Ligand SMILES: [Fe+2]
Ligand SMILES: [Fe+2]
């Protein structure tokens, strides 16, 4: 296998891990919205309900691109912890959003090395979305 093919395989594997993470996030935020109670919970619920369509958009884009690259899109969610208490829940979400930023940034670089400009730009946009999600979660966390 030559270097380009190896890099392309690595990217495909990375994108499939990202996709599993997105499915997990969609499920996690849907679950957490249902469990968010009280005034602060209502605030969180509002934020999560706005983020779910973003994550679904990410998942749909990744599914398309993996398929277009000849891969088999991951249709299983990464496992996630059923935390229902507000603070630990938000701390976990923040950690996961920051992890997503890191992964998308890493994979954007890999896409750039392979000359995949559209993918690179789109992954950077997705990193920016996750970064915004992290900022919003952080704002609630600071008030707890
Ligand atoms: Fe996402
Ligand atoms: Fe996110």
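The values are calculated or read from the model by the stated rules, or taken from the named source; none is laboratory data. Nothing here was measured: the structure is a model prediction, and the numbers come from that model. Quick reminder, even Gly has a Cβ in these numbers, built from the backbone with ideal geometry, and neighbours come from all protein chains shown.
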Query raised in the report: What pairs come up if the first residue lies in segment 71-85 and is under 16 Å from residue 22 (Cα atoms), the second is modelled with pLDDT of 95 or more and assigned to a loop (DSSP other than H, G, I, E, B), and their beta carbons are under 6 Å apart, counting only those six or more places apart or on different chains?
Result: none
Report task. Out of the residues in segment 40-61 that are within 16 Å of ligand 1 (Cβ to nearest atom) and out of contact with any helix residue (DSSP H, G or I) (no Cβ under 7 Å at 6 or more places or on another chain), state the one that is modelled with the lowest pLDDT. Result -> 50
Query raised in the report: Among the residues of segment 24-34, is any more than 11 Å from ligand 1 (Cβ to nearest atom) and more than 30 Å from residue 144 (Cβ to Cβ)?
Result: no
Query raised in the report: Quick check: is even one residue across segment 111-122 within 30 Å of residue 4 (Cβ to Cβ), assigned to a helix (DSSP H, G or I), within 16 Å of ligand 2 (Cβ to nearest atom) and at pLDDT 95 or above?
Result: yes
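To keep it simple, each residue is scored yes or no on (1) in a helix (DSSP H, G or I); (2) surrounded by fewer than 19 Cβ atoms within 10 Å (Cβ to Cβ); (3) more than 13 Å from the chain's Cα centre (by Cα).
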{"residue": "42", "(1), (2), (3)": "yes, yes, yes"}
{"residue": "45", "(1), (2), (3)": "yes, yes, yes"}
{"residue": "57", "(1), (2), (3)": "yes, yes, no"}
{"residue": "65", "(1), (2), (3)": "yes, no, yes"}
{"residue": "89", "(1), (2), (3)": "yes, no, yes"}
{"residue": "130", "(1), (2), (3)": "yes, no, no"}
{"residue": "134", "(1), (2), (3)": "yes, no, no"}
Report summary line: The lone condition residue 77 fails out of (1) under 14 Å from the mean Cα position of the chain (by Cα); (2) part of a helix (DSSP H, G or I); (3) within 16 Å of ligand 2 (Cβ to nearest atom); (4) at pLDDT 95 or above is (2)
Requested in this report: Kindly list, by first and then second residue, each pair from a residue in segment 52-66 that is free of Cβ contacts under 8 Å to residues at least 40 places away in the same chain and within 14 Å of residue 104 (Cβ to Cβ) to a residue that is in a helix (DSSP H, G or I) and within 11 Å of ligand 2 (Cβ to nearest atom), limited to pairs with Cβ atoms under 6 Å and residues at least 6 apart or on different chains.
Outcome: 55/22; 55/25; 55/26
**Report entry** Meets criteria (more than 30 Å from residue 69 (Cα to Cα) and touching a helix residue (DSSP H, G or I) at 6+ places or on another chain (Cβ under 8 Å)) for residue 37
**Finding:** no
Report summary line: Inside segment 120-144, the number of residues satisfying the requirement of being under 17 Å from residue 18 (Cα atoms) and either touching a strand residue (DSSP E or B) at 6+ places or on another chain (Cβ under 8 Å) or touching a residue at least 60 places away in the same chain (Cβ under 8 Å) (or both) is 4
